[in-house]
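What follows is a short report on a single structure.
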Amino acid sequence: MRVLALVPGEMETQLSFFPVIKQIKDSFDDAEVSVVAPPSATAMYQLSTGVTEVVPYSFGIRNSPADWANLLGILRDREFDVVLTLTDSWSMALLLWLSGVPTRLGYGGSANDLLLTATVPRSPGPSYPNDLLKLINVTGAAPAVSVNVPRKDLSAVDAMRQGAGLTAGYVLIYPGPNPSGTVYPTESWLAILQDFQQRQPDLPLALLQTDEAAPQTTALATAMPGLKVLRPETPGQTAALIAAANLLVTVEGYPLGLAIALNVYTLGLFAANSTPLSAEGNNRLVALTSTTGALDGIAPDQVLKKIWSEAS
């Protein structure tokens, strides 16, 4: 059975879809799962062994007729049996109707009710698509998120860590934006890092610099020249750096999702009460949620209190 999933959203959304892929593969011996994802997020599937093909497509912007027609051609050529879509636009519903895929499933509303073969109501807020999966007789609890780090990324990170002098343990900080684009204030990060350095001078501090985190990382490294800056080039390298850390301190986002999958001790900073579904039952994640609904509502003292109380 050939299954296609249309998954809009960035890295953290794609990572959260990994359990869906596993559940489909576990339910059907012959299942082949392909995914359509934004070009900026397709690299996340380097960490999945369950995907046959990843097709890049930009959902949230105006695509040219050629882009739309190209995706339609791919769907027709592959002869999928089932398509699951997390989209609700007229253009995608029409594309799926024209594709000839016999079973087209999605959330109700917009054109989906007219052009898909079956729909279910969309639950408010983040949720696991149990109702969608039930339409193809896939039931049961969602499996835990798991990732497979390519060997080449593990080797690259070993060399990166040795070059940075991080041969033992270290605390890893991800100062980048959360999914809404908000960053934790630089001065607050500095207060946390300086306190950590005073209390644990022998435990190295390292900054995880992704493209999104570059401005914050540069500012922190300038203020504290002794900080190590680690620049992964792939999601696999990011995962390997997180796996080798004693502790990850991060805002909500895909580094936090990777830490949950890798069972790494993590302190997560949340602007609102939105702990990932994948964190349920995980005793290595400590969530610190702002009482104001904004990241800057979390005081550095609150973060430090959590860190040292968990360490004691």
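The values are calculated or read from the model by the stated rules, or taken from the named source; none is laboratory data. This one's a predicted model, so the numbers in the text were calculated from it and none came from an experiment. Note that each Cβ is placed from the backbone with ideal geometry, even for glycine, and that neighbours are counted across all protein chains shown. Each accessible area value is taken on the protein alone, full model and side chains, heavy atoms only, with ligands, DNA and RNA left out. Shrake-Rupley method; radii C 1.70, N 1.55, O 1.52, S 1.80 Å.
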Roughly to the nearest percent, how much of the accessible area of the chain is carbon and sulfur, given a 1.4 Å probe?
49 percent
Over the Cα atoms of segment 1-142, compute the convex hull volume and normalise it per residue, giving Å³.
105 Å³
Between Ala144 and Glu187, take the C-beta separation as r, use R0 = 35 Å, and let me know the FRET efficiency to the nearest 0.05.
0.45
With r defined as the distance between the Cβ atoms of Thr52 and Arg199 and R0 fixed at 51 Å, what FRET efficiency is calculated, to the nearest 0.05?
0.55
How many Å² of accessible area per residue for segment 156-312, probe 1.4 Å?
44 Å²
Packing-wise, with mean Cβ within 10 Å as the measure, how do 158-170, 209-221 rank, highest first?
209-221, 158-170
List the residues of segment 33-77 whose backbone N lies under 19 Å from a point placed 7 Å from the Cα of Asn137 along the Cα-to-Cβ direction.
33
With a/c under 1.5 counting as rounded, go ahead and sort the chain into rounded, prolate or oblate using the C-alpha gyration tensor (a ≥ b ≥ c being the square roots of the eigenvalues; past the cut-off, prolate if a/b is larger than b/c, else oblate).
prolate
Quickly estimate the mean residue ellipticity at 222 nm for the chain, helices only: each DSSP H run with n ≥ 4 gives -39500 (n - 2.57), and the total goes over all residues, rounded to 500.
-11000 deg cm²/dmol
Asp81 versus Ala164: modelled label distance in nm, points set 7 Å from Cα along the beta carbon direction:
4.5 nm
Check: C-alpha center segment 94-127 vs C-alpha center segment 173-198, spacing in Å is 40 Å
From a point 7 Å beyond the Cα of Ser91 in the direction of its Cβ, which residues of segment 61-79 have a backbone N at a distance under 15 Å?
61-73
Taking only pairs that are 8 or more places apart or on different chains, how many Lys pairs in the chain have Cα atoms under 26 angstrom apart?
7
Size of charge dipole - the chain - debye, nearest 20, with Cβ of Lys, Arg +1 and Asp, Glu -1, no other charges
240 debye
On the full set of protein chains, 1.4 Å probe, figure out the accessible area of Trp308 and give it in Å² to the nearest 10.
50 Å²
